[in-house]
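Here is the structure we will look at.
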Amino acid sequence: MLKCAVIGSINMDMVVRVDRFPKPGETRTGDRFSVVPGGKGANQAVALGKLGGQVAMAGCVGRDASGETYRKNFAENGVDTRWVETAENCTTGTAVIEVERAGENHIIVVPGANEACDEAWLERTLPGLMDRDIFLFQLEIPRETVFTAVKKLHAAGKTVVLDPAPAVPVPDEVLACVDYITPNETELRIVTADLPENADAAERMAHLLAKGVKHVIAKTGAGGADVLSSEGAFHAAGFRVTPVDTTAAGDTFNAGLARALSEGLPLADCLAFANASAAISVTGAGAQGGMPNCEQVLNFLKERGYHELHLS
């Protein structure tokens, strides 16, 4: 099994459940409130840990109760935290999340300690991670840190998986260093903003491939994912489930993808594993509450007639 590392954000989520999202200026009464671990980077690391991957997390927390809680959460889920620093004079990152009855969500993020993941932090951190093989990134820490790390790891021969969320334009020299990019429909449009507004998804995926991305994986939620590489294109079908909370479904997808890649499985099998992981995750509450273990994913696939996968 190849070793994985996640470089990215760590947030504590404040989740409010409502029957529907409020309109501008409207006050509504929530059904429930909870404080749970989140952050796109940490979500991917915890999902990978639950799936049985060998994963390290690199990021920053504040010197506060949320930071201590998160360190315990990582440990309980098999995540190596040697590269999680405590940043002084700032709070652990926080996300305020509204979840409505159908499971859709609105999210506001206050970066906090995530902003301490600057290039000086990267210089201290990256050397200790060079025994890792697969690196997962998102864009909730300073983007220049991400872009520098991607280029350095590519030069070192590492596999780079980029979830371009929250979406911003990504420089061409960074895209050329990405092995797998996993945008949803909105993110795909933003990272290909240099194309005409009327360009369709297929054109945008081909545009990223032409810029040097090795595999473009356009996530379509329950519909699965469209995949384009130099070897051709295919659609990886998703799985229909009854959603409870879609928070972190994309993060779980990326973790599932990395977990299967770490076993050297064919890309079609990796996508099936990723789609199944994401589908199971939305049936539980909270960013990490529904994240499955490896056995659950394999059983889920078997019950739906998918051929047997072998993971260590």
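Against the conditions (1) in contact (Cβ under 8 Å) with a residue 60 or more places away in the chain; (2) in a loop (DSSP other than H, G, I, E, B); (3) surrounded by fewer than 24 Cβ atoms within 10 Å (Cβ to Cβ), where does Met291 fall short? Just the number, please.
Every listed condition holds for Met291 apart from (3).
Yes or no: the range 81-88 includes at least one residue that is buried (at least 17 other Cβ atoms within 10 Å of the Cβ) and assigned to a loop (DSSP other than H, G, I, E, B).
no
So in the range 227-238, with the set limited to residues that are buried (at least 18 other Cβ atoms within 10 Å of the Cβ) and within 30 Å of Pro37 (Cα to Cα), which one is modelled with the lowest pLDDT?
Out of the qualifying residues, it is Gly238.
Please name all residue pairs, on different chains or six or more residues apart, with Cβ atoms under 6 Å, provided the first residue is in the range 197-209 and is at pLDDT 95 or above and the second residue is of a type outside the set (Lys, Arg) and part of a helix (DSSP H, G or I).
Arg204/Leu188
So, in the range 6-40, of the ones that are among the hydrophobic types (A, V, I, L, M, F, W, C) and closer than 14 Å to Ala58 by Cβ, which residue ends up surrounded by the fewest Cβ atoms within 10 Å (Cβ to Cβ)?
Here the residue is Ile7.
Report yes if some residue within the range 41-52 is without any contact (Cβ under 8 Å) to a residue 12 or more places away in the chain, surrounded by fewer than 24 Cβ atoms within 10 Å (Cβ to Cβ) and more than 28 Å from Val18 (Cβ to Cβ); otherwise report no.
No, the range 41-52 contains no residue that is without any contact (Cβ under 8 Å) to a residue 12 or more places away in the chain, surrounded by fewer than 24 Cβ atoms within 10 Å (Cβ to Cβ) and more than 28 Å from Val18 (Cβ to Cβ).
Just give me the residues in the range 173-208 being closer than 16 Å to His235 by Cβ and either outside any loop (DSSP other than H, G, I, E, B) or over 16 Å from the mean Cα position of the chain (by Cα) (or both), in sequence order.
Passing the criteria: Glu185, Leu188, Asp200, Ala201, Ala202, Arg204, Met205, Ala206.
One line per residue, one yes/no per condition, for (1) more than 26 Å from Ala218 (Cβ to Cβ); (2) small (Gly, Ala, Ser); (3) in contact with a strand residue (DSSP E or B) (Cβ under 8 Å, 6 or more places away or on another chain); (4) surrounded by fewer than 20 Cβ atoms within 10 Å (Cβ to Cβ):
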position: Ala113; (1), (2), (3), (4): yes, yes, yes, no
position: Ala116; (1), (2), (3), (4): yes, yes, yes, no
position: Glu119; (1), (2), (3), (4): yes, no, no, yes
position: Lys151; (1), (2), (3), (4): no, no, no, yes
position: Pro169; (1), (2), (3), (4): no, no, no, yes
position: Glu173; (1), (2), (3), (4): no, no, no, yes
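The values are calculated or read from the model by the stated rules, or taken from the named source; none is laboratory data. Small disclaimer: the values here were computed from a predicted structure and weren't measured. Here the Cβ is made from the backbone with ideal geometry for all residues, glycine too, and neighbour counts use every protein chain on show.
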